[in-house]
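Working notes for the structure below.
The values are calculated or read from the model by the stated rules, or taken from the named source; none is laboratory data. These numbers were taken from a predicted model, which means no experiment stands behind them. Reconstructed Cβ throughout: ideal geometry from the backbone, glycine too, with neighbour counts over all protein chains shown. Accessible surface areas use protein heavy atoms only, side chains included; no ligands, DNA or RNA. Shrake-Rupley method; radii C 1.70, N 1.55, O 1.52, S 1.80 Å.
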Amino acid sequence: MSEIKQDLESLGIIGTANVYRNLSPAVLVEHALKRGEGSLSETGALVVTTGKYTGRSPKDRYVVDQKSIHDEIAWGKVNVPISEEKFELIYAKMRAYLQGRDLFVFDGFAGADPAYCQQIRVVNELASQNLFIHQLLRRPTEEELKNHKADFTIIAVPGFKCIPEEDGVNSEAAIIINFEKRLVIIAGSRYAGEIKKSIFSVMNYVLPKHDVFSMHCSANIGKDGDSALFFGLSGTGKTTLSADPNRKLVGDDEHGWSDKGIFNVEGGCYAKCINLSKENEPDIWNAIKFGALVENVVMDEETRVLDFNDAKYTENTRVGYPVSYINNAELTGVGSHPKTVIFLTADAFGVLPPVSKLSREAAMYHYVSGYTAKLAGTERGVTEPQATFSTCFGAPFLPLPASRYAELLGQRIDTYGANVYLVNTGWSGGGYNTGGSRIKLPLTRAMVAACLNGSLEESEFELDPIFNVLVPKTCPGVPDEVLSPKKMWKDEAAYEKTAKELAEKFRENFTQYSNMPQEVIDAGPKA
């Protein structure tokens, strides 16, 4: 019996057919094509559809409730408890399903810093999903592979479907983290992002135990070696603004910040494709080639040309590829302590300043709040902008209380003196559909550049009385009046009313964080 089959038997997985370990991308693509999992695009990328699940399924995510971790986890809508008995029931059924089937195993790493790296094993039913995680995680050398011993194992079996009334779950899909067994099982979903984000959830539990700040952000490095972090929810411009021809990309999504500096958790990127164009996103466009996995993008069966503007399957079209596919990438995955931290928000109400500086306490407040706004028309029933808050810009992936991550941010600011800014990439002069217009991208780029090169620090700042942030009076490349949202509104009374309404939304949202220090609470907007 092969060593890898023996390893799987230790997990209770027996009676499988062929087990393939760390196949090359080319061989995985061949397997996927033979098995009918997808097709090749004209550029050589493997194109798949994921069926019913075209995104993460947050209502199907669970954490096994065990004595050893019960008091650590922030239980609630994100971290839903499931009993050990139900976990074992589902896992037993999954193992039975796998008998007689081929499996694909990838052994790799999460974390570019060896001191904090976790050795990860991913077991896949689908060759295409194994290709995805091969490209998304950090890949081992032949010598590292010989000595690989999994710290955590993820088993992804889309073909196995739960029975809710028997299994105690909500649907046929289930994503269950068992921290004691150091095991994650994923049932029912072909969406590859579930694998990636399960590993991130694990890292968000493990890294803080080593006093490492785990972060849902992108990172880049300037020519002088200065690092910068970009936090932001979908639609705020995180990918666009962190992709800078004058700075090297460390990573686009998941990082750790230790006492040595920052490091990428991953070895690849998972980019959105909707409305992708070569002109606006050349790095992503050029990465869609052989070895990349494209999810749910409509493709012409004759020409094999991808139509990135067609949302037939979902708005959440995606491509996964190794970071080496990006020309201007820092392949070591590590960087120095950040000089600049930028929180991005797309305020569709048009009242947040385009750029503002945050004190340590205000930085902790806005980091925990994780604010942006949904636009009218983006979802059924949404007829006007809606304030959206996602804890620490990554609520679905945080096992621990928000206060722990905020505490780590505050410690890093204290120790390394990073400047923290809030940049509004949304509306000015009014809200969406109420007389305002979106702040022009060249102006936003100028503000970000001023944050990064330090020139914004030369400005005089004044305190915004409602949002309690420091607003610069000048910024290179930006007209002075643009920096003050109140001056951009024709009706100052309407501005005041809208601004105070948004400030109240911040306040209401923050009441859920009962264990936050009072000085952090006081640093928020004043309704």
Please give the solvent-accessible surface of Cys117 in Å², to the nearest 10, using a probe radius of 1.4 Å with every protein chain present.
30
Note down the Stokes-Einstein diffusion coefficient of the stretch 243-322 in µm²/s, whole number, using a Kirkwood radius over alpha carbon pairs, 25 °C, and 0.890 mPa s.
174
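Please compare each pair in Lys374/Lys500; Lys248/Lys487; Lys272/Lys497; Lys77/Lys500; Lys272/Lys487 to a cut-off of 26 Å on the Cα-Cα distance and tell me which ones are over it.
Going by Cα-Cα distance, Lys248/Lys487; Lys272/Lys497; Lys77/Lys500; Lys272/Lys487 fall outside the 26 Å limit.
Using DSSP to call loops (not H, G, I, E or B), can you name the trypsin sites (Lys or Arg not before Pro) in the stretch 456-511 whose Cβ has at most 13 other Cβ atoms within 10 angstrom?
When the trypsin sites (Lys or Arg not before Pro) of the stretch 456-511 are filtered for loop state and at most 13 Cβ neighbours within 10 Å, Lys473, Lys490 remain.
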Where the chain is the region considered: accessible area per residue in Å², 1.4 Å probe
41
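Write down, largest first, the equivalent ellipsoid semi-axes of the stretch 45-92 in whole Å, where each equals the square root of 5 times an eigenvalue of the alpha-carbon gyration tensor.
Each semi-axis is the square root of five times an eigenvalue, giving 28, 14, 9 Å.
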Kirkwood Rh in Å, taken over the stretch 355-506 so that all alpha-carbon pairs contribute
16.8
Probe 1.4 Å, all protein chains present, accessible-area order of Arg318, Arg35, largest first:
Arg35, Arg318
Given a cut-off of under 8 Å on Cα pairs at least six residues apart, what relative contact order in percent is computed for the stretch 106-209?
25
Can you tell me which aspartates and glutamates have their Cα less than 16 Å from the Cα of Lys260? Leave out same-chain residues fewer than eight positions away.
Asp113, Asp211, Asp226, Asp414
Solvent-accessible surface (1.4 angstrom probe) belonging to Trp285, in square angstrom, nearest 10
90
How much of Leu145 can a 1.4 Å solvent probe reach, expressed as accessible area in Å² and rounded to 10?
40
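Compute the Cα gyration tensor for the stretch 310-406, then decide on rounded, prolate or oblate, letting a ≥ b ≥ c be the square roots of its eigenvalues: rounded whenever a/c is under 1.5, prolate when a/b is larger than b/c in the other cases, and oblate in all that remain.
In terms of gyration-tensor shape, oblate.
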Loop sites in the stretch 261-331: GluC sites (Glu not before Pro), DSSP, at most 13 other Cβ within 10 Å:
Glu279, Glu301, Glu302
In the chain, carbon and sulfur make up what percent of the accessible area (probe 1.4 Å)?
49
Considering the alpha-carbon set of the chain alone, what are its Rg and its Dmax in angstrom?
23.2, 77
Return an integer: the convex hull volume of the alpha-carbon atoms of the stretch 445-513, in Å³ per residue.
111
Top to bottom by accessible area (1.4 Å), largest first, where do Asp167, Asp151, Asp300 land?
Asp300, Asp151, Asp167
Rounded to whole angstrom, the alpha-carbon centroid of the stretch 215-231 lies from that of the stretch 157-178 at a distance of 38
Convex hull over the Cα atoms of the stretch 157-244, averaged projected area in nm²?
8.4
